[in-house]
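To start, the structure itself, in structure tokens.
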Amino acid sequence: MSVYEEIGGEAAMAAAVDVFYRKVLQDDRIKHFFEGVDMDKQAAKQKAFLTMALGGPHNYTGEDMRKGHAHLVAKGLNDSHFDAVMEHLGATLTELKVPAHLIAQAAAIAESTRNDVLGK
Amino acid sequence: MPKVIYSGQSFECGEQSVLDCLTSQGVQIPSSCHSGLCHTCMVQAVSGEIPKKAQSGLKDTLVAQNCFLPCVCYPEGDIEVTLYDGGLDRLEATVTDLRNLSADILGIRLKPSRAFDYRAGQFINVFKDENTVRSYSLASVPSLDEELFLNVRKVPNGVVSGWIFDHLKAGDTVTISEAGGECFYVPGKPEQNILLIGTGSGLAPLYGIIRDALHSGHKGKVSLYHGCNTAPELYLVDELRKLAQTYLNFSYTPCISQGEVPQDCVSGMVLDVALAANPALSGWRAFLCGHPEMVKSAKQKTFFAGVSMSEIFADPF
């Protein structure tokens, strides 16, 4: 069973996205990447990211990750920003009382996208 | 075998998703995740049963309009599909009443020439001519008002508002569109508290939404904050005060940001006043209408104060 299923699947996602997206938007290190972006559309993407990190159903490929973030890499997206997002992912799951070993699993999946996201 | 009907054509769906069925037939629908997450491919059902899974994660107002995600839709029966807001049909309407609500806001009542389905808070387009169109929010409520009610603000050098103020009169016929937009009240959570923040003629959709909610038996708080620069710009004041006397869960706070502040108004920017009075908004629903900068800021601030993204409904204009 994936972490996604263990924490309650789709139904648990709405709450998780709220917690996660709030953290991201309030973080001075990375919030400028989200300025001017429609919040609803952005929240849907945050949800897609969380679902993927939790091992839920998705069809994103490494190539999609590259294309989807290329405009941000051009604006200076780098490892320090990726680290900030990883931090918020962990904090969000901790806040939602997800057991530590499952958080580690989610972090490993998210970590595996680093090179594609950063266009390396 | 279920069929997918689109634009007058019928396609065998088989075991495919509705999205795959349509795109394999050459229908252009933008899509991204193919997992029901990104909402890029959202379409609207005209008829037929929508499987529950195909609406999971969508806002209540989108579900209420039969929107769904075709990438995760495996229909059991025939389903007819259209692109979302893929064009609102036009119709004629007769102007039945025009009166000033304040110096720069005109209240217009319109009688559509045919049956007209809408929800309070949605918008319609008003056509001055073929190429000159503006959107106006509906302040009327289908179950309470016989006619459509718009609040038109006189925009300096505004082509359409100028025409409405200077030339339109009772008895005239105008071309309007069907109603669109997703800023409206959906019943089903009667105990939920609702915060409504509007500036200027952003009161129009809120006035409809509030009356819709109260008459639907909403039990939670319904708290309206209406902001204007100066006190004479406030409008529908008597109607709103009367409503607050009738419904004890409804409160009306007019906010004035410049000039003299009457005793029964609060001094300050409407968003600041509303958030100072309601700093913890977890579990609330929020409607935010009016000045684009205010709406943008309000979306973020109400979200930070605890409103879920899926419970924020906004209409900047």
Place a point 7 Å from the Cα of B:Asp78 along the Cα-to-Cβ direction; which residues of the stretch B:1-42 have their backbone N under 15 Å from it? B:1-14
Taking the stretch B:168-205, which GluC sites (Glu not before Pro) meet the DSSP loop condition and have no more than 10 other C-beta atoms within 10 Å? B:Glu191
Under 20 Å Cα to Cα from B:Lys242, which aspartates and glutamates show up? Leave out anything in the same chain fewer than 8 places away. B:Asp145, B:Asp212, B:Glu233, B:Asp264
Averaged over its residues, how many other protein chain Cβ atoms are within 10 Å of peptide B:35-44's Cβ atoms? 5
How about B:Lys154: which lysines have a C-alpha closer than 17 Å to its C-alpha, ignoring those fewer than 8 places off in the same chain? B:Lys128, B:Lys169
What's the total accessible area buried between chains A and B, using a 1.4 Å probe, rounded to the nearest 100 Å²? 1700 Å²
Only helices counted: for chain A, with every DSSP H run of 4 or more residues adding -39500 (n - 2.57) and the sum spread over all residues, [θ] at 222 nm is -21000 deg cm²/dmol
Assuming R0 = 22 Å, can you tell me the calculated FRET efficiency for the pair B:Val155 and B:Leu88, based on Cβ-Cβ distance, to the nearest 0.05? 0.50
Report relative contact order for chain B in percent, whole number only (criteria: Cα-Cα under 8 Å, sequence separation at least 6). 13 percent
Counting pairwise Cα distances across the protein assembly as shown, what percent come out greater than 40 angstrom? 25 percent
Using a 1.4 Å probe and ignoring any ligands, DNA or RNA, find the accessible area of B:Phe149 and quote it in Å² to the nearest 10. 10 Å²
The stretch B:171-317 shape via C-alpha gyration tensor axes, a/c threshold 1.5: rounded
Sort A:Phe82, B:Phe165 from largest to smallest accessible area, using a 1.4 Å probe on the heavy atoms of the protein chains. B:Phe165, A:Phe82
The distance between the Cα centres of the stretch B:98-175 and the stretch B:182-232, in whole Å, is 20 Å
Going by a ≥ b ≥ c, the root eigenvalues of the Cα gyration tensor, does the stretch B:72-229 fall in the rounded group (a/c under 1.5), the prolate group (a/b larger than b/c) or the oblate group? oblate
For the stretch B:22-109, take N as its residue count and report Rg(C-alpha) divided by 2.2 N^0.38 Å. 1.54
How big is the accessible area of A:Asp64 in square angstrom, nearest 10, if you roll a 1.4 angstrom probe over the protein chains? 60 Å²
Residue separation times 0.36 nm, minus the C-alpha to C-alpha distance between B:Asp129 and B:Gln9: what's the value? 40.0 nm
Once ligands and nucleic acids are excluded and a 1.4 Å probe is used, how much of B:Glu130 is accessible, expressed in Å² to the nearest 10? 120 Å²
Radius 15 Å from Cβ of B:Pro112, net charge of other residues (Lys, Arg +1; Asp, Glu -1): -4
Which FRET efficiency value, to the nearest 0.05, do you get for B:Glu191 and B:Tyr247 by plugging their Cβ-Cβ distance into 1/(1 + (r/R0)^6) with R0 = 22 Å? 0.90
Ranked from highest to lowest mean number of other Cβ atoms within 10 Å per residue, what is the order of the peptides B:230-236, A:6-12? B:230-236, A:6-12
Which value in nm describes the separation of the simple spin-label points at A:Glu63 and B:Ser24, placed 7 Å from the Cα toward the beta carbon? 2.1 nm
Once label points are set 7 Å from the Cα along Cα→Cβ at both A:Ala108 and B:Gln263, what is their separation, rounded to one decimal in nm? 7.1 nm
From the cross-link list A:Lys97/B:Lys299; A:Lys47/B:Lys3; A:Lys45/B:Lys59; B:Lys189/B:Lys221; A:Lys41/B:Lys299, which pairs have alpha carbons spaced over 22 Å apart? A:Lys97/B:Lys299; A:Lys47/B:Lys3
Two-site label geometry, B:Ser282 and B:Asp117: point separation in nm, points 7 Å out along Cα→Cβ: 4.0 nm
Which log10 I(q)/I(0) values, to two decimals, does the stretch A:28-108 give at q = 0.17 Å⁻¹ under the Debye formula with one point per Cα? -0.80
What does the structure give for A:41-47 when I average, per residue, the other chain Cβ atoms found within 10 Å of the residue Cβ? 5
Enumerate the lysines that A:Lys120 could reach by cross-link, defined here as Cα to Cα under 19 Å, with residues fewer than 8 away along the same chain left out. A:Lys67, A:Lys75
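The values are calculated or read from the model by the stated rules, or taken from the named source; none is laboratory data. Being a predicted model, the structure only gives us computed values, none of them experimental. So basically every Cβ, Gly included, is an ideal-geometry build from the backbone, and we count neighbours across all protein chains shown. Note: areas computed on protein heavy atoms with side chains; ligands, DNA, RNA excluded. Shrake-Rupley method; radii C 1.70, N 1.55, O 1.52, S 1.80 Å.
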